[in-house]
């Protein structure tokens with residue numbers, strides 16, 4: 001596989017979530033892009049968007065995403081405990 005070939009590392013139905021992941025990866029020095037299909041002909045349809053990185057950064061990107069998700073879950077747990 002070409003190390004510069006784009007591969008998907010994250011998929012979601014939330015464009016804003018994809019942008020957050022993209023920005024987090026770029027802050028860590030990993031070039032990322034968000035791609036997805038617009039399904040304008042289907043009212044209520046939510047297209048899946050994907051975060052793509054170069055193949056040689058995919059493992060690190062996936063690790064960073066997992067760490068980011070774990071921290072977000074811990075933060076949500078702390079907020080829920082305070083209610």
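A short reminder: the numbers here are calculations on the coordinates, not readings from a lab. Bear in mind that the values here come from a model prediction, so they are computed numbers and not experimental data. Cβ: placed from backbone, ideal geometry, glycine included. Neighbour counts: every protein chain shown.
For the chain, what does -39500 (n - 2.57) per DSSP helix run (n ≥ 4), summed and divided by total residues, give at 222 nm, in deg cm²/dmol to the nearest 500?
That comes out to -15000 deg cm²/dmol.
Wrap a convex hull around the Cα atoms of the range 6-78, take a quarter of its surface area, and give that in square nanometres.
Averaged projected hull area, Cα only: 5.4 nm².
Over the chain, calculate the relative contact order: mean separation of alpha carbon pairs under 8 Å at least 6 apart, over the residue count, as a percent.
37 percent
Only counting other Cβ atoms within 10 Å, I'd like 66, 25 sorted with the fewest neighbours first.
Taking fewest neighbouring Cβ atoms as first place, the list is 66, 25.
Can you list the residues of the range 51-65 with backbone N under 17 Å from a point 7 Å past the Cα of residue 11, pointing along Cα to Cβ?
Label zone hits: 51-53, 62.
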